[in-house]
1. Please enumerate the residues belonging to the range 152-191 that are open to solvent by 70 Å² or more (accessible area, probe 1.4 Å), assigned to a loop (DSSP other than H, G, I, E, B), over 21 Å from Ala209 (Cα atoms) and out of contact with any helix residue (DSSP H, G or I) (no Cβ under 6 Å at 6 or more places or on another chain).
2. Select, from Val69, Val61, the only residue that is among the β-branched types (Val, Ile, Thr) and not in a strand (DSSP E or B).
3. Select from the range 8-19 the residues that are more than 10 Å from the ligand (Cβ to nearest atom) and over 17 Å from the mean Cα position of the chain (by Cα) and write down the one among them that is surrounded by the fewest Cβ atoms within 10 Å (Cβ to Cβ).
4. Would you tally the residues in the range 192-203 being surrounded by fewer than 20 Cβ atoms within 10 Å (Cβ to Cβ) and either touching a Phe, Trp or Tyr at 6+ places or on another chain (Cβ under 9 Å) or at pLDDT below 95 (or both)?
5. Consider Arg326 carefully, then state whether it is outside the structural domain of Leu136 (by TED's automatic domain parsing), in a helix (DSSP H, G or I), farther than 16 Å from Asn104 by Cα and open to solvent by 10 Å² or more (accessible area, probe 1.4 Å).
6. Residue by residue through the range 251-292, note down the ones that are among the aliphatic types (A, V, I, L, M) and outside any strand (DSSP E or B).
7. What number of residues within the range 331-358 are at pLDDT below 95, open to solvent by 50 Å² or more (accessible area, probe 1.4 Å) and in a helix (DSSP H, G or I)?
8. Before we move on, is Arg26 free of Cβ contacts under 8 Å to residues at least 24 places away in the same chain, open to solvent by 50 Å² or more (accessible area, probe 1.4 Å) and either over 18 Å from Ala62 (Cβ atoms) or within 15 Å of the ligand (Cβ to nearest atom) (or both)?
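The values are calculated or read from the model by the stated rules, or taken from the named source; none is laboratory data. Note that this is a predicted model, so its numbers are computed, not measured. Here Cβ is always computed from backbone atoms with ideal geometry, including for glycine, and neighbour counts include all displayed protein chains. Protein only, heavy atoms only, side chains kept; ligands, DNA and RNA dropped before computing areas. Shrake-Rupley method; radii C 1.70, N 1.55, O 1.52, S 1.80 Å.
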Amino acid sequence: MNLSICLLPGDGIGPEVVAEAAKVLRAVADRKGYTLELREALLGGCAIDATGEALPAATTVACQAADAVLLGAVGGPKWSDPKAPVRPEQGLLGIRKALGLFANLRPVKVYDALIDASSLKPEVVHGVDMLIVRELTGGAYFGQPQGRSGNPPNRQAVDTTPYTEAEIARLMRMAFELARARRRKVTSVDKANVLATSRLWREVAHEVAVDYPDVQFEDVLVDACSMYLIRTPRNYDVIATENLFGDILSDEAAMLAGSMGMLPSASLGEALNQYGFRRGLYEPIHGSAPDIAGRAIANPLATILSAAMMLRWSFGLNMEADSIERAVEGTLADGLRCKDIASPGATILGTPAMGDAIVERLWR
Ligand code: NAD
């Protein structure tokens, strides 16, 4: 097997954490006799500096040629002037669009060893293991008309939330397929008591659910869901929702786990790679953390876990993905921590040492 992966290290701590994930991927490939073809390309602030564009054409070509893409993070104070004509985030939106990625997947798992890092009580978060599937290309973030008009005291602004039946159905199908590999429960989140798009969402979600009689299905209103997420989070398996609701709920759910440095994510589209699996873009949910960049203290675990998701969903390598995830659990259970998740008595490791600790525990 030849794993062709495009790396987009990006800015800030991006290159530091991507280097550790690449180290783990190399160790897996060496052990299993796979060829690993890692190509690096520019995205975000570093791309603006080098080419004037956040997403150079060469990056799009390199990503489209690969079976999967691993991204660090983009952005930082150097490029954050709101009036700048080119911004690093345009690179992120652009590459998602170019790869046709319509679903963002964020697993939220609470590790026993880190249970005290959560701001909720241990008995509430113990055993939490959910997957949030968020629609990524439709809804209020892209709908037209969008904009503002008028002058004080008559300023006005408008956003529009369009959704088509096809957009809803493909997202819900993906959620049901993913639930089949988990605890077989899908919760569709909407605001059907108020919004027309949500009423269509609910109707289509129920039509899709008919094809998955083996998966338990429920609807929850978004306001209720935000409450249940902190009251009874263990009840959720797969949560499927539209762009805006997903953006908010996934950040809320991330806090159940306590640390940004631990949470991976994936964005998937319809396109399949040479192995018949979905081409995807995998990345940690955290940003470029300019406050700690260049100090070799960033936690690489979210990026390493993103690489595990990549092996599972873009290459079908479930055993290898499991062994990375077990190595992460083992490392934490052995009391090894990066600074962001340090607890009293833990051994603090820098970024490369954490990568080494995962590699050492891969096949135990
Ligand atoms: P951030 O996630 O970069 O940092 C928030 C806090 O968490 C900081 O204190 C940081 O040091 C810490 N942190 C984050 N990741 C960590 C890790 N792996 N290990 C240890 N500590 C970690 O969010 P921010 O400060 O709001 O944003 C910084 C920059 O990143 C901005 O330019 C923003 O636009 C960008 N950003 C990019 C992405 C992305 O590329 N997907 C996502 C969010 C923010």
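1. Passing the criteria: Pro152, Pro153, Asn154, Arg155.
2. Details: Val69 fails: not in a strand (DSSP E or B).
Criteria check complete, one pass: Val61.
3. Going through the range 8-19, the residues more than 10 Å from the ligand (Cβ to nearest atom) turn out to be 9, 15, 18-19.
When the remaining residues are screened for being over 17 Å from the mean Cα position of the chain (by Cα), the result is 15, 19.
On the way: Pro15: 20, Ala19: 17.
Ranking the candidates gives Ala19 first.
4. The number of residues fulfilling the criteria is 3.
5. Details: outside the structural domain of Leu136 (by TED's automatic domain parsing): yes; in a helix (DSSP H, G or I): yes; farther than 16 Å from Asn104 by Cα: yes; open to solvent by 10 Å² or more (accessible area, probe 1.4 Å): yes.
For Arg326, the condition - outside the structural domain of Leu136 (by TED's automatic domain parsing), in a helix (DSSP H, G or I), farther than 16 Å from Asn104 by Cα and open to solvent by 10 Å² or more (accessible area, probe 1.4 Å) - is met.
6. From the range 251-292, those among the aliphatic types (A, V, I, L, M) are 253-257, 260, 262-263, 266, 268, 271-272, 281, 285, 289, 292; that's our starting set.
Across the range 251-292, the qualifying residues are Ala253, Ala254, Met255, Leu256, Ala257, Met260, Met262, Leu263, Ile285, Ala289, Ile292.
7. Selection size over the range 331-358: 3.
8. Details: free of Cβ contacts under 8 Å to residues at least 24 places away in the same chain: yes; open to solvent by 50 Å² or more (accessible area, probe 1.4 Å): yes; either over 18 Å from Ala62 (Cβ atoms) or within 15 Å of the ligand (Cβ to nearest atom) (or both): yes.
Yes, satisfied.
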